[in-house]
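Student: Pasting a structure below so you can have a look.
We did not get these values from a lab; they are worked out from the coordinates using the rules stated. Computed from a predicted model, the values in this text were never measured in an experiment. As a convention, Cβ positions derive from the backbone with ideal geometry for all residues, glycine included, and neighbour counts pool all protein chains shown.
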Amino acid sequence: YADLIEKQQGRRPVLFLTNGFDTRIIDNQYPERKVASVYSKRDLEKLFNLYGMRTSLDHVNVDANIAGRYYQKVAIQAVCDSFDAKNRRKALLVMATGSGKTRTVIALCKVLLEHGWAKNILFLADRNSLVTQAKRNLCEEKDNLQAHCVFSTYQTMMNCIDSAQDEEGKLFTCGHFDLLICDEAHRSIYNKYRDIFTYFDTLLIGLT
């Protein structure tokens, strides 16, 4: 089926495989992987648009007004290399307290937005103060769930996944976000909120 569609349309489709219990995706970008569900129509449209806009992350320009320290730029390029050259979907930034990890990840978000690697970004933290700190640096309208950058505590997002709706139905579908940033990424957070990480099919950056 996929081969026939590719011949007709000139573009290979995204494939979903399911046995009724597990669902897997082949997106022609990464190895086959398990997903929570089949993407919505708008998630697929966004995915194809991003693939069409995506440019190389080989040599990126980091906004020095956001993250101007040399080690911040090195960290950003390392994550970019992991996502692009190494074709990985997960990265972990380990930075000392006070070294500006929030500003580093905000500058990284800007790079990924500019290069077409992300459109919708979710920033998760376990305390409201951390969410507020990130929101001050990169923010659209306050409390707008349809903004491209959504800032939330883990607890709030757990509730929003099922409850947030718009005119097309469920807002936070499994393919809604292109990048998930997990602040204070340690084992206890992962074990407690594992469902969020297994539900959203997205690039993942952990901060610690």
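Student: Note down the net charge around Gln72, summing +1 for each Lys or Arg and -1 for each Asp or Glu among other residues with Cβ under 10 Å from its Cβ.
Tutor: That works out to +4.
Student: Further, regarding this structure: Restricting attention to segment 1-97, which chymotrypsin sites (Phe, Trp or Tyr not before Pro) occupy a DSSP loop and are surrounded by at most 15 other Cβ atoms within 10 Å?
Tutor: Counting only loop positions with at most 15 other Cβ atoms within 10 Å, the chymotrypsin sites (Phe, Trp or Tyr not before Pro) in segment 1-97 are Tyr1, Phe21.
Student: Suppose R0 equals 22 Å. What FRET efficiency, 1/(1 + (r/R0)^6) with r the Cβ-Cβ distance, do Tyr71 and Leu92 give to the nearest 0.05?
Tutor: 0.90
Student: Now a separate question. Please report the relative contact order for the chain, taking Cα pairs under 8 Å with a sequence separation of at least 6, and give it as a percent rounded to a whole number.
Tutor: 21
Student: Hey, which lysines would be in cross-link range of Lys46, C-alpha to C-alpha under 25 Å, not counting anything within fewer than 8 residues on its own chain?
Tutor: Lys46 reaches Lys7, Lys34, Lys86, Lys90, Lys110, Lys119, Lys135, Lys142, Lys170.
Student: Residue by residue, what Karplus-based ³J(HN,Hα) values in Hz, rounded to whole numbers, does segment 45-50 have, using 6.51, -1.76 and 1.60 with θ = phi - 60° and x for Gly and Pro?
Tutor: Per-residue couplings from phi come out as 4, 5, 4, 5, 4, 5 Hz.
Student: Where the convex hull is taken over the Cα atoms of segment 1-56, what is its projected area averaged over directions, in nm²? Please report the intermediate quantities before stating the final value.
Tutor: Numbers: hull surface 18.6 nm².
That works out to 4.6 nm², a quarter of the Cα hull's surface.
Student: In deg cm²/dmol and to the nearest 500, what is the mean residue ellipticity at 222 nm of the chain if only DSSP H runs of at least 4 residues count, each as -39500 (n - 2.57), divided by the residue total?
Tutor: Values: 8 runs with 81 residues, N = 208.
Rounded to the nearest 500, it is -11500 deg cm²/dmol.
Student: Also, I was wondering about something else. For the chain, set up a GNM with springs between Cα atoms under 10 Å and report which of Asn87, Asn49, Asn19 has the largest fluctuation.
Tutor: Asn19
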